[in-house]
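The values are calculated or read from the model by the stated rules, or taken from the named source; none is laboratory data. Values in this document were obtained by computation on a predicted structure and should not be read as measured data. Quick reminder, even Gly has a Cβ in these numbers, built from the backbone with ideal geometry, and neighbours come from all protein chains shown. Surface accessibility is based on the protein's heavy atoms, side chains included, excluding ligands, DNA and RNA. Shrake-Rupley method; radii C 1.70, N 1.55, O 1.52, S 1.80 Å.
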Amino acid sequence: MGYYDMVESCWQLSDAALDYVKKAGRSVEASEVWEKVFAPSPLVDHERTLRESPLHDKIFLKSPYGLQYRPDHKDWVPFRHGPVDLSNENNI
Amino acid sequence: MKTISERLATALADHRDGHIDRAADAYRQMLKADPNNVDALHLLGLTELQAGRTDQAVALMARAVQLAPWMVEARLNLANALSQRGDRDNALAMWRSVLALDPSNTAAWHALGAASAGHGGAGRAGAIRALRRAARLEPTRAEIHHDLGLLLRQDDQNEEAIACQRQALSLQPGMLSAWMSLGNALLEKGEVLEAETALKRAICLAPHRPEIWFNLGNLHYRNANLEMALTCYRRSAALGLAAARARVVATLVDLRRDGEAEVALVAYLPLDGTDVSTCLEYLYLLLVRGDRQSEARSLFSRLETVPMAGRLYPVECRTALSALDLADGDPAKAVARLENLRSDNCWMFTVRSLAALERTRRQQGWHWHRPSNHDPTRPRLTSTTLGNRGRFAHNVLEYVLLRLYAQQRGCILETPDWVGGAYFELDDPVPSGPLPPWPFGRRILNGFVTGHYQGEAPVDRDALSPLFLYDYPLALRDRVRSWLRPRRQWAPWIDPPVNALRAVGKTIVAIHIRRGDFLQYGYPITETQSYVDWLRRLWPTLDKPVLYLASDDIPGVRAAFREFRPVTLHDAGPAWPGLEFLQDFHVLTQADIVGISAASGFSQLAARLNKNAVLCVEPDLATGGIKPFVGWV
């Protein structure tokens with residue numbers, strides 16, 4: 001899987017979180033989103049997320065990417081936490 | 001002695017202050033000392049880009065990215081340079097590489113979204129997704145909402161498109177293009193007054209911009225306020241928008257001010273950028289309307305060799321001559337005149353096809369008389385563009401929408417001579433007189449047919465290029481199918497290929513692969529491999545299958561299907577000269593399994609009319625596979 005595909009998966013997980021909140025129709029705590037959306041996802045690095053982000057406002061994926069919560073926008077936005085090797089453009 | 005970083009900082013400050021040449025000199029000096037200084041390579045590349053020298057910019061920035069693959073800014077600027085150079089594919093790849101480094105890079109999502117939509121919906125879903133992400137990342141950037149609104153409108157999501165433009169304007173009230181796009185979207189929705197206000201606001205902001213006058217002209221034209229439309233189009237043309245010239249001529253023709261239209265044509269035809277093709281159609285119309293056929297013959301014969309707006313227009317000129325032949329009762333001559341021409345020109349398609357059908361009719365010796373409107377007291381509807389804008393399936397699908405609307409609105413549908421009208425058992429009356437234009441009617445026509453539109457539903461109008469139904473409800477299927485039955489007289493030409501297939505197999509699998517102008521205009525292309533893979537799985541399950549291939553590029557696609565021993569029209573029966581597309585179409589309407597070409601109205605229509613098919617499929621552009629096609633929902 002190329003890096004861009006990993007970015008796409010990361011955004012899809014973010015979309016799933018937004019969908020969950022939208023369907024709930026109420027204010028949803030980060031811990032609930034963690035429990036219902038992020039934790040069941042095979043993409044998520046549980047151990048690292050629980051270790052480095054006990055409030056679940058930063059979700060680490062097994063890929064070099066993750067999602068961080070922006071309280072001002074009530075949105076989960078991708079970030080990169082690991083190295084990527086773009087010396088070979090085919091990796092993209 | 002300054003350090004490298006101090007020299008870079010000084011140069012960068014010059015660069016930011018607009019002293020581009022001084023900054024570029026400094027970057028060059030730095031590169032003399034260190035040819036691999038990635039910052040200097042990147043920034044010198046940027047100065048080259050700013051100077052419009054994209055090749056040099058690409059070379060410098062590509063070197064910087066090669067040496068420092070992690071440089072997000074260099075990749076972004078390189079992508080922009082590639083895009084400006086017209087190298088779209090590499091630009092898209094470079095923006096994706098930025099996102100691999102920085103998945104929340106708004107500029108990259110924005111650029112990716114703005115650049116990745118092609119014609120015919122290719123890439124549009126991905127482009128919309130990218131722009132939605134950009135909008136989420138930076139909800140306060142007006143340009144992103146504006147660009148998203150443009151794509152949503154193209155995707156027929158007009159309500160959301162309007163909301164996006166309003167959002168852009170709430171963030172940047174002076175955003176000219178958002179006012180213009182809002183006006184256009186509101187006009188499409190039928191909110192004419194609001195649309196006019198938005199467009200006038202745009203004009204107040206920039207009265208010198210010809211495209212706004214053009215759009216305001218469209219609004220007045222849509223309202224049948226032809227004098228106002230003419231004023232706006234003339235202003236737009238005077239301000240330099242070449243596209244407005246044909247609209248000036250069209251409006252003068254609609255106003256029956258033929259002398260002025262002719263004067264405008266004489267002025268516009270030599271000018272670069274004029275839509276000569278359309279203007280020549282108006283010239284033909286004016287001459288025929290003025291009963292000046294012999295003058296038309298000599299003029300179009302002469303114009304064949306006269307460059308207009310920088311080139312020759314032999315197809316249009318010969319089409320005019322062919323149309324004159326046809327009107328004179330000599331369809332064989334009309335067909336012969338266009339026989340060896342290859343062109344996507346819709347007018348030529350119509351004239352050639354009508355001439356070929358008329359030639360067949362005469363050879364068969366039956367009479368065909370189109371009726372006149374039997375009840376002039378009833379309201380009317382027509383669409384003159386059925387005869388010159390779009391080709392077969394495009395016009396048939398437009399006809400379906402118009403006829404449904406006319407039935408529901410209680411008016412008589414009058415049609416010009418058009419290919420579907422001659423091919424199918426249709427009996428609509430000929431136009432009994434000109435009607436005011438009604439462009440951009442798709443949304444209202446659809447809304448009225450489906451019962452979702454409660455506003456004013458026009459009648460006594462000429463619905464120009466109305467386009468199609470948005471959805472094809474099952475409830476309409478039998479009614480539409482009952483209209484679109486081929487005339488029985490064409491059976492000797494359209495039945496033999498189907499019979500030949502039935503003679504060699506029990507299950508006809510007909511696949512359509514569209515190439516032609518789809519390649520040229522960047523429409524979605526159906527990969528033969530997708531169908532081959534799908535057939536390999538399906539074939540062993542079928543009872544004595546036979547594969548029929550319909551394509552405008554049989555030599556290019558046939559080999560891919562070799563293992564299924566495909567049959568083409570060439571093998572299956574005598575060709576109907578000039579009307580082979582109708583034979584292909586008929587096979588597609590009779591096959592047991594139909595494979596549609598991506599985004600092709602031709603095979604979609606055939607599948608919708610097919611009563612025999614147990615399965616219809618189409619390419620799944622997202623996965624590269626094949627998925628079921630549901631024609632009526």
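Any idea which of B:356, B:332, B:261 is within 28 Å of the chain's Cα centre (by Cα), under 26 Å from residue B:429 (Cα atoms) and either modelled with pLDDT under 95 or surrounded by 13 or more Cβ atoms within 10 Å (Cβ to Cβ) (or both)?
None of the other options fit; the residue is B:356.
Taking residue B:75 as meeting all but one of (1) open to solvent by 20 Å² or more (accessible area, probe 1.4 Å); (2) touching a helix residue (DSSP H, G or I) at 6+ places or on another chain (Cβ under 7 Å), write down the number of the exception.
All conditions are met except number (1).
Which of the residues that make up segment A:34-48 are over 10 Å from the mean Cα position of the chain (by Cα), within 28 Å of residue A:85 (Cβ to Cβ) and surrounded by 12 or more Cβ atoms within 10 Å (Cβ to Cβ)?
Result: A:46, A:48.
Look through segment A:34-54, keep the residues that are in a loop (DSSP other than H, G, I, E, B) and more than 23 Å from residue B:99 (Cα to Cα), and return whichever of them is nearest to the other protein chains (Cβ to nearest Cβ).
Selected residue: A:53.
Looking at this structure, is residue B:584 out of contact with any Leu (no Cβ under 7 Å at 6 or more places or on another chain), open to solvent by 10 Å² or more (accessible area, probe 1.4 Å), at negative phi and not in a loop (DSSP other than H, G, I, E, B)? Let's see the steps before the verdict.
Details: out of contact with any Leu (no Cβ under 7 Å at 6 or more places or on another chain): no; open to solvent by 10 Å² or more (accessible area, probe 1.4 Å): yes; at negative phi: yes; not in a loop (DSSP other than H, G, I, E, B): yes.
For residue B:584, the condition - out of contact with any Leu (no Cβ under 7 Å at 6 or more places or on another chain), open to solvent by 10 Å² or more (accessible area, probe 1.4 Å), at negative phi and not in a loop (DSSP other than H, G, I, E, B) - is not met.
Got a number for residues in segment A:72-92 being over 18 Å from residue A:2 (Cα atoms) and touching a residue at least 12 places away in the same chain (Cβ under 8 Å)?
So the answer is 4.
For segment B:237-251, give me each residue that is assigned to a loop (DSSP other than H, G, I, E, B) and either open to solvent by less than 30 Å² (accessible area, probe 1.4 Å) or over 15 Å from residue B:216 (Cα atoms) (or both).
Residues satisfying the conditions are B:240, B:242.
Do we find that residue B:124 is closer than 19 Å to residue B:524 by Cα and either without any contact (Cβ under 8 Å) to a residue 60 or more places away in the chain or open to solvent by 10 Å² or more (accessible area, probe 1.4 Å) (or both) in this structure?
Judged against the criteria, residue B:124 is a match.
Of all the residues that make up segment B:555-570, how many are under 18 Å from residue B:496 (Cβ atoms) and without any contact (Cβ under 8 Å) to a residue 60 or more places away in the chain? Write out each step before concluding.
The first filter runs over segment B:555-570 and keeps only residues under 18 Å from residue B:496 (Cβ atoms), leaving B:566-570.
Pick out the ones that are also without any contact (Cβ under 8 Å) to a residue 60 or more places away in the chain and you get B:566, B:568, B:570.
Total satisfying the criteria: 3.
Residues that are within 19 Å of the chain's Cα centre (by Cα) and open to solvent by 20 Å² or more (accessible area, probe 1.4 Å): does segment B:394-411 have at least one?
Yes, segment B:394-411 contains a residue that is within 19 Å of the chain's Cα centre (by Cα) and open to solvent by 20 Å² or more (accessible area, probe 1.4 Å).
If you go through segment A:55-70, how many residues are at the interface with chain B (Cβ under 9 Å from one of its Cβ atoms) and not in a strand (DSSP E or B)?
1
State yes or no: is residue B:233 surrounded by fewer than 22 Cβ atoms within 10 Å (Cβ to Cβ), aromatic (Phe, Trp, Tyr), at negative phi and not assigned by TED's automatic domain parsing to the domain that holds residue B:436? First the steps, then the outcome.
Working: surrounded by fewer than 22 Cβ atoms within 10 Å (Cβ to Cβ): no; aromatic (Phe, Trp, Tyr): yes; at negative phi: yes; not assigned by TED's automatic domain parsing to the domain that holds residue B:436: yes.
Criteria not met by residue B:233.
From the list A:31, A:27, which one is over 21 Å from residue B:135 (Cβ atoms), part of a helix (DSSP H, G or I) and either within 14 Å of chain B (Cβ to nearest Cβ) or open to solvent by 30 Å² or more (accessible area, probe 1.4 Å) (or both)?
A:31
Test each condition in (1) within 19 Å of residue B:434 (Cα to Cα); (2) part of a loop (DSSP other than H, G, I, E, B) for residue B:272 and report the one that comes out false.
With respect to (1) within 19 Å of residue B:434 (Cα to Cα); (2) part of a loop (DSSP other than H, G, I, E, B), residue B:272 is out only on (1).
Residue B:201 is checked against (1) under 22 Å from residue B:249 (Cα atoms); (2) open to solvent by 70 Å² or more (accessible area, probe 1.4 Å); (3) in a helix (DSSP H, G or I) and fails just one. What number does that condition carry?
Every condition holds for residue B:201 apart from (1).
Would you confirm whether or not segment B:432-451 contains a residue that is open to solvent by 60 Å² or more (accessible area, probe 1.4 Å) and within 30 Å of residue B:214 (Cβ to Cβ)?
yes
Within segment B:518-569, which residues are among the aromatic types (Phe, Trp, Tyr) and not in a helix (DSSP H, G or I)?
B:521, B:523, B:548
Which count do you get for residues in segment A:1-20 that are facing another protein chain (nearest Cβ under 8 Å) and over 10 Å from residue A:65 (Cβ atoms)?
Selection size over segment A:1-20: 2.
Given the residues B:626, B:593, which is the only one that is touching a Leu at 6+ places or on another chain (Cβ under 8 Å), surrounded by fewer than 24 Cβ atoms within 10 Å (Cβ to Cβ) and closer than 21 Å to residue B:537 by Cα?
Working: B:626 fails: touching a Leu at 6+ places or on another chain (Cβ under 8 Å).
Going through B:626, B:593 in turn, just one is touching a Leu at 6+ places or on another chain (Cβ under 8 Å), surrounded by fewer than 24 Cβ atoms within 10 Å (Cβ to Cβ) and closer than 21 Å to residue B:537 by Cα: B:593.
Listed here are the residues, each with its yes/no results for (1) within 14 Å of chain A (Cβ to nearest Cβ); (2) open to solvent by 60 Å² or more (accessible area, probe 1.4 Å).
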position: B:56; (1), (2): no, yes
position: B:71; (1), (2): yes, no
position: B:81; (1), (2): no, no
position: B:95; (1), (2): yes, no
position: B:105; (1), (2): yes, no
position: B:130; (1), (2): yes, no
position: B:134; (1), (2): yes, no
position: B:139; (1), (2): yes, no
position: B:159; (1), (2): no, yes
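Give the residue, chosen from B:221, B:233, that is touching a residue at least 24 places away in the same chain (Cβ under 8 Å), among the aromatic types (Phe, Trp, Tyr) and in a helix (DSSP H, G or I).
B:221
Going by the structure shown, is residue B:573 open to solvent by less than 40 Å² (accessible area, probe 1.4 Å) and either more than 29 Å from the chain's Cα centre (by Cα) or assigned by TED's automatic domain parsing to the domain that holds residue B:396 (or both)?
Considered against the rule, which asks whether it is open to solvent by less than 40 Å² (accessible area, probe 1.4 Å) and either more than 29 Å from the chain's Cα centre (by Cα) or assigned by TED's automatic domain parsing to the domain that holds residue B:396 (or both), residue B:573 comes out as yes.
Quick one: residue B:492 ticks every box in (1) open to solvent by 40 Å² or more (accessible area, probe 1.4 Å); (2) under 30 Å from residue B:535 (Cα atoms); (3) outside any loop (DSSP other than H, G, I, E, B) except a single one, so which number is it?
If we test residue B:492 against (1) open to solvent by 40 Å² or more (accessible area, probe 1.4 Å); (2) under 30 Å from residue B:535 (Cα atoms); (3) outside any loop (DSSP other than H, G, I, E, B), just (2) comes out false.
For residue B:474, state whether it is within 14 Å of residue B:398 (Cα to Cα) and at pLDDT 95 or above.
Values: within 14 Å of residue B:398 (Cα to Cα): no; at pLDDT 95 or above: yes.
Here the answer is no, as residue B:474 does not meet what is asked.
Is there any pair with a first residue in segment B:17-40 that is among the basic types (Lys, Arg) and a second that is surrounded by fewer than 20 Cβ atoms within 10 Å (Cβ to Cβ) whose Cβ atoms are under 9 Å apart and which are 6 or more apart or on different chains, and what are they?
Correct list of pairs: B:22/B:14.
Any idea how many residues of segment B:1-18 are assigned to a helix (DSSP H, G or I), at pLDDT below 90 and β-branched (Val, Ile, Thr)?
Within segment B:1-18, residues that are assigned to a helix (DSSP H, G or I), at pLDDT below 90 and β-branched (Val, Ile, Thr) number 1.
Considering only residues that are within 13 Å of residue A:14 (Cα to Cα) and more than 9 Å from chain B (Cβ to nearest Cβ), look in segment A:71-88 and name the one that is surrounded by the fewest Cβ atoms within 10 Å (Cβ to Cβ).
My answer is A:74.
Quick one: which of B:456, B:425 is open to solvent by 30 Å² or more (accessible area, probe 1.4 Å), of a type in the set (Asp, Glu) and within 26 Å of residue B:491 (Cβ to Cβ)?
Sole residue among the options that is open to solvent by 30 Å² or more (accessible area, probe 1.4 Å), of a type in the set (Asp, Glu) and within 26 Å of residue B:491 (Cβ to Cβ): B:425.
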